[in-house]
Amino acid sequence: MKGEMEMVSKRKKAFYNTDNFWGYLFISPLLILMLIFSVGPIFFAFYMSLTDWKLSGAGEFIGLANFKELFADPATWTELKNSLIYTVFKVPVGVSISLVLAYFLNQRIPFRGMFRVVYFLPSITMTVAIGLVWRYLFNSQYGIVNAILAFFGIQGPYWMADPKYFFAAIILVAIWQGIGYDMIILLAGLQNVPGMYYEAARMEGATSFQCFRKITVPLITPSLFFVIIMEFMNSLKVFDLIYIFINASYGPIEDAARTMVYGIYQKAFVHSRMGYASAEAVILFVIILAVTLVQFWGERKWVHYD
Amino acid sequence: MTDAGKKKRPKVKKIQVLSFTVLMLGLIIMILPFLWMVLTAFKTYAETVQIPIVWFPEKWTLDNFEYVLTSMNFLLYYKNSIIMVVGVIVGQLFVCSLAGYAFARIDFKYRSQLFLFLMAVLMVPGQMTIIARYLLIYNLHLTDTYIGLILPLVPSIFGTFLLRQFFMGIPFELEEAARIDGCGYWGIYTRIMLPLAKGGLVTLAIFAFNSTWNDLMWPLIITNTEEYRVLAVAVAAIKGAYDTKNNLLMAASVMVTIPCVLVFAVGQKQFIEGVASTGIKG
């Protein structure tokens, strides 16, 4: 009887009064804009990578010619190599420093709030401005990096003119900028670790270092995993800092630091070769996807969810 | 009694001393570039190329700021940046709160499938789609317009997830009570959900401000004329005669950083908590 009444009332409900109507109405602005600006472009990028699309007019279908050209171009290999070097240095060094800092910040010490804010400051600052400031700091004549090195009796290199040091300088700045953000996420993970674990370990006579290795690290592996995944993705996509450091120079300096997204930018928006640039974007997408999948596959080996 | 008092005072442990010392040293490294930026912004050009380096300007001058604002046209770029940021924030708050509410509380068909679909789209790097997105804007003749700058940044999946999380935390009873009083979905959304999710809206607004204000690539490719240039592009484009004038470069850097620091100072708590929560829930 009751069920029947419900059925009747459900049938009587006008279309504009249903969950379906309101649900779709409410998500429609997001969905429509997303289809136009994200989903459509994803499929179009794959298609474009198989054409010789220029700025205006449709491109002609040329099969895998873009990819062949990419692999034959030494610049592509430089970009691939630089992106990997950047990632391989930035992620482990940055995350390790963040983890140690988060552990220290989780101790009972004064000024914790101030530390949190100051370490976080570079991650909210415009990367373009950070690039300008550090270019000046690394200036071999007037910069304070070499002035400080000279104070310790070290002759600093020509950071901004020597291709060998140029890219290293960029990676250092990237690490400097990123550690605060990762530190905050890891700190939140640390604060979720119940204090009783440490107390128990202390009773057994464990040292601080043992506590860190045997309790802290295993228990925050979920946060750590999240930070590493995010760092990998962002590092492979680095652009702003590279762009501002290269600052329209060319030759060995540009080659020392050009990464994949820099290459995509240049091909598409400097040389107006949209199809060719899309091919490189597809390669970047495949690399990011592969790296992410490998990490999720490796996740069960080292990440503990309780 | 004095004995008990003594016992209660915690002993300073080695790890605390070590932590504080390392964090203090790190603090210097974190703050020094900012300090140098601010100090240089008040120096004359001659002082920036002095050897050995001078730390403090002899006479603090505001000339650099005045020059950047007027002769280098930064007032215009400020205006454009503000319009872009406000547009993106308003757009995201509207679009993401509607969708976030629907995903949190309305039981529509294929809800979970659509949610998974959003997650998959979120995983695709923006650089992959930026070329097609640019061509779209270009062919619609929307390059060098505010619409072209703003609209593609509005549909934020991250923002939708963030607000959904907040809406899910609002008690069901309130919604039920409102429904009995004759409130429809729209009424519940505007009168109950939005006011109660204020913390989430503020957090999203701060995130949107930060990412839009600092964004370089999209405005760089979508604007060509000075009329629509934003600050990030303007700072990146300082070249030629100014490129070696570090007093001007640092003044420009200070001026683009100040709004970030102000917003951060106001919304520091929400922002840091928002960042922290991404790791726990993710």
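Criterion first (surrounded by fewer than 15 Cβ atoms within 10 Å (Cβ to Cβ), at pLDDT 95 or above and at negative phi) does A:V95 satisfy it? The answer is no for A:V95.
Each residue in the range A:138-175 was checked for being at the interface with chain B (Cβ under 7 Å from one of its Cβ atoms) and within 16 Å of A:I242 (Cα to Cα), and 0 of them qualify. Among the residues of the range B:229-237, are any in a helix (DSSP H, G or I) and open to solvent by 50 Å² or more (accessible area, probe 1.4 Å)? The answer is no, given that none of the residues of the range B:229-237 is in a helix (DSSP H, G or I) and open to solvent by 50 Å² or more (accessible area, probe 1.4 Å). Residues in the range B:192-210 that are out of contact with any helix residue (DSSP H, G or I) (no Cβ under 7 Å at 6 or more places or on another chain) and either farther than 14 Å from B:G274 by Cα or open to solvent by less than 40 Å² (accessible area, probe 1.4 Å) (or both): B:P195, B:L196.
Could you list, in sequence order, the residues of the range A:191-217 that are surrounded by 18 or more Cβ atoms within 10 Å (Cβ to Cβ) and at pLDDT 80 or above?
If the condition is that a residue be surrounded by 18 or more Cβ atoms within 10 Å (Cβ to Cβ) and at pLDDT 80 or above, then A:T216 is the only one that fits.
Considering the range B:225-282, and only residues there that are basic (K, R) and within 19 Å of the chain's Cα centre (by Cα), the residue that is modelled with the lowest pLDDT turns out to be B:K269.
Per-residue answers, yes or no, for (1) free of Cβ contacts under 8 Å to residues at least 60 places away in the same chain; (2) within 8 Å of another protein chain (Cβ to nearest Cβ); (3) part of a helix (DSSP H, G or I); (4) farther than 18 Å from A:A169 by Cβ:
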{"position": "A:S83", "(1), (2), (3), (4)": "no, no, yes, no"}
{"position": "A:K90", "(1), (2), (3), (4)": "no, no, yes, no"}
{"position": "A:I97", "(1), (2), (3), (4)": "no, no, yes, no"}
{"position": "A:L101", "(1), (2), (3), (4)": "no, yes, yes, yes"}
{"position": "A:P110", "(1), (2), (3), (4)": "yes, yes, no, yes"}
{"position": "A:V117", "(1), (2), (3), (4)": "yes, yes, yes, yes"}
{"position": "A:F120", "(1), (2), (3), (4)": "no, yes, yes, yes"}
{"position": "A:S123", "(1), (2), (3), (4)": "yes, no, yes, yes"}
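Filter the range A:41-58 for residues that are facing chain B (nearest Cβ under 7 Å) and either among the small types (G, A, S) or open to solvent by 70 Å² or more (accessible area, probe 1.4 Å) (or both) and give the result. Within the range A:41-58, just A:A45 meets the criteria. If you check A:T127, A:T76 for being surrounded by 13 or more Cβ atoms within 10 Å (Cβ to Cβ), of a type in the set (S, T, N, Q) and within 13 Å of chain B (Cβ to nearest Cβ), only one passes: A:T127. Quick check: anything in the range B:113-127 over 30 Å from A:D52 (Cα atoms) and open to solvent by less than 10 Å² (accessible area, probe 1.4 Å)? Yes, that holds for at least one residue. Residue under question is A:Y197, and the condition is that it be more than 28 Å from A:Y86 (Cβ to Cβ), among the aromatic types (F, W, Y) and either outside the structural domain of A:N234 (by TED's automatic domain parsing) or part of a helix (DSSP H, G or I) (or both); does it hold? The answer is yes for A:Y197. The range A:231-306 holds helices (runs of 4 or more DSSP H) entirely within its bounds, and those carrying 3 or more residues that are within 11 Å of another protein chain (Cβ to nearest Cβ) and of a type in the set (A, V, I, L, M) map to A:240-246, A:260-265, A:274-302.
A:Q141 falls short of the stated requirement of being more than 22 Å from B:A252 (Cα to Cα), out of contact with any Gly (no Cβ under 7 Å at 6 or more places or on another chain) and assigned by TED's automatic domain parsing to the domain that holds A:F104. Annotation note: of B:R179, B:R164, the sole residue that is more than 8 Å from chain A (Cβ to nearest Cβ), open to solvent by 60 Å² or more (accessible area, probe 1.4 Å) and not small (G, A, S) is B:R179.
Looking across B:K109, B:K79, one residue alone is over 24 Å from B:A205 (Cβ atoms), surrounded by fewer than 20 Cβ atoms within 10 Å (Cβ to Cβ), of a type outside the set (V, I, T) and assigned by TED's automatic domain parsing to the domain that holds B:Q165. It is B:K109.
So, of the residues in the range A:264-283 that are within 23 Å of A:M230 (Cβ to Cβ) and in contact (Cβ under 8 Å) with a residue 60 or more places away in the chain, which turns out to be surrounded by the most Cβ atoms within 10 Å (Cβ to Cβ)?
A:E280
Those helices (runs of 4 or more DSSP H) of the range B:35-143 in which 1 or more residues are more than 19 Å from B:K245 (Cβ to Cβ) occupy B:74-105, B:111-123, B:126-139.
Condition first: within 32 Å of the chain's Cα centre (by Cα), more than 9 Å from chain A (Cβ to nearest Cβ) and open to solvent by 90 Å² or more (accessible area, probe 1.4 Å). Now tell me which residues in the range B:46-63 satisfy that.
From the range B:46-63, those within 32 Å of the chain's Cα centre (by Cα) are B:48, B:55-57, B:60-63; that's our starting set.
If we keep only those that are more than 9 Å from chain A (Cβ to nearest Cβ) as well, we get B:56-57, B:60-63.
Listed by number, the residues that qualify are B:F56, B:W60, B:L62, B:D63.
Checking the stated criteria, A:L33 turns out not to satisfy the condition of being more than 21 Å from the chain's Cα centre (by Cα), open to solvent by less than 80 Å² (accessible area, probe 1.4 Å), at the interface with another protein chain (Cβ under 8 Å from one of its Cβ atoms) and in contact (Cβ under 8 Å) with a residue 60 or more places away in the chain.
The number of residues in the range A:101-117 that are within 23 Å of the chain's Cα centre (by Cα) and either open to solvent by 20 Å² or more (accessible area, probe 1.4 Å) or more than 12 Å from A:I184 (Cβ to Cβ) (or both) comes to 3.
The values are calculated or read from the model by the stated rules, or taken from the named source; none is laboratory data. Everything numeric here is computed off the predicted structure, so don't read it as measured data. Virtual Cβ from ideal backbone geometry, glycine too; neighbours counted across all protein chains shown. The accessibility values were calculated without ligands, DNA or RNA, using every heavy atom of the protein model including side chains. Shrake-Rupley method; radii C 1.70, N 1.55, O 1.52, S 1.80 Å.
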